1. What does the extension gain come out to for W64 and R92, with contour length at 0.36 nm per residue minus their alpha carbon separation?
2. Determine which aspartates and glutamates satisfy two conditions relative to K208: a Cα distance under 13 Å, and not lying fewer than 8 residues away in the same chain.
3. Note down the nm distance, to one decimal, between modelled labels 7 Å out along Cα→Cβ at D72 and at W178.
4. Applying a 10 Å radius around every beta-carbon, put 116-125, 241-250 in order of their mean neighbour count, most first.
5. Which distance in Å, rounded to a whole number, links the C-alpha centroids of segment 103-123 and segment 183-243?
6. For segment 126-200, just the Cα set please: Rg and Dmax, both in angstrom.
7. Can you give the translational diffusion coefficient of segment 56-271 in µm²/s, computed by Stokes-Einstein from the Kirkwood radius over Cα pairs at 4 °C and 1.567 mPa s?
8. Taking H placed 1.01 Å from N in the peptide plane, check which residues at least 5 places from N182 or on another chain put their amide H under 5 Å from its amide H.
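Bear in mind that the values in this text are calculations on the coordinates, not laboratory data. For clarity, every value in this text was computed on a predicted model and none was experimentally measured. Cβ placement follows ideal geometry from the backbone for every residue including glycine, while neighbour counts extend to all protein chains displayed.
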Amino acid sequence: MTAAAQMVQSGMLNFERAAALARHGLGGLGWTAAAILCFLFAPMLWRVASVWASDQPNWRNARWDSADLAPDPAQHPEPIIQFYAARTYGWRGILGVHTWVVFKPRDAVAYTRYEVVGWGVGTGIAALRASQRPPDGYWAGNRPTVIADKRGEGVDALILRLREAVRAYPFPDEYRLWPGPNSNTFTAYLARALPELHVDLPPTAIGKDYLPPGEFAALAPGGSGVQVSLLGLLGLTLGMREGVEVNVFGLVVGLDVVHPALKLPGIGRLGFGG
């Protein structure tokens with residue numbers, strides 16, 4: 001047998017050994033890793049396709065008007081607190097939502113709306129703002145959903161605490177899209193300050209796990225569990241309402257046990273119940 005033939009035969013044997021190893025050893029791990037990556041990124045690819053296929057207007061021409069979700073103060077004199085979430089504009093909406101809070105004391109004729117936005121922050125404008133937009137307004141054309149609603153007896157006292165929490169927010173002049181602080185960092189901070197509100201921040205609320213400086217553990221925003229987080233990049237949340245959530249680089253994968261559902265990046269909840 002010539003030297004060249006021996007080299008070919010040796011190469012084929014090595015290839016066969018590598019193939020066998022892939023099938024019986026590394027191959028199993030490889031398929032598992034591929035399945036996990038598919039589980040994580042397939043929902044995001046679906047969101048990319050849906051946003052790409054949509055005909056979104058320029059944000060200046062998009063809808064910002066009321067979605068008719070907030071109770072009319074003229075017909076509802078009781079004190080009310082609501083939290084809202086809506087998909088963000090353009091490519092940001094592939095993965096995330098924008099959240100904000102509104103409230104009105106008893107007999108008030110209008111709502112107060114607080115939110116954190118990044119527009120103008122680099123020029124010295126505060127990120128935390130009392131907004132003049134409708135309490136339940138579309139966000140750049142995206143219809144909001146109510147993620148918390150508390151009204152009636154005892155809510156006036158909660159509104160006082162809510163105002164204090166707004167004033168105590170540790171990042172009023174800072175905004176960073178990822179991993180935070182951003183609008184979801186703000187609403188999560190308020191939710192932890194008033195756990196009885198049971199704010200159901202969705203898994204697409206990127207930034208909700210970004211904790212104040214020096215803190216690595218906290219009450220979960222939903223008020224029924226606890227969480228650990230490293231700068232909003234890595235974390236774990238466990239709770240009755242929150243279920244199990246794993247945060248990897250700001251993307252959340254989880255399982256809702258009480259209302260059976262998967263929590264997926266880009267998609268949010270996928271299951272039954274609310």
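1. That pair, W64 and R92, stretches by 8.4 nm at full extension.
2. Candidates past the 8-residue exclusion: D200, E242, E245.
3. Label-label distance for D72 and W178, simple model: 4.3 nm.
4. Final packing ranking: 241-250, 116-125.
5. First find each Cα centre; the distance between them is then 21 Å.
6. Expressed in Å, the Cα Rg and Dmax of segment 126-200 come to 13.3, 38.
7. So the translational diffusion coefficient is about 75 µm²/s.
8. Amide H neighbours of N182: R176.
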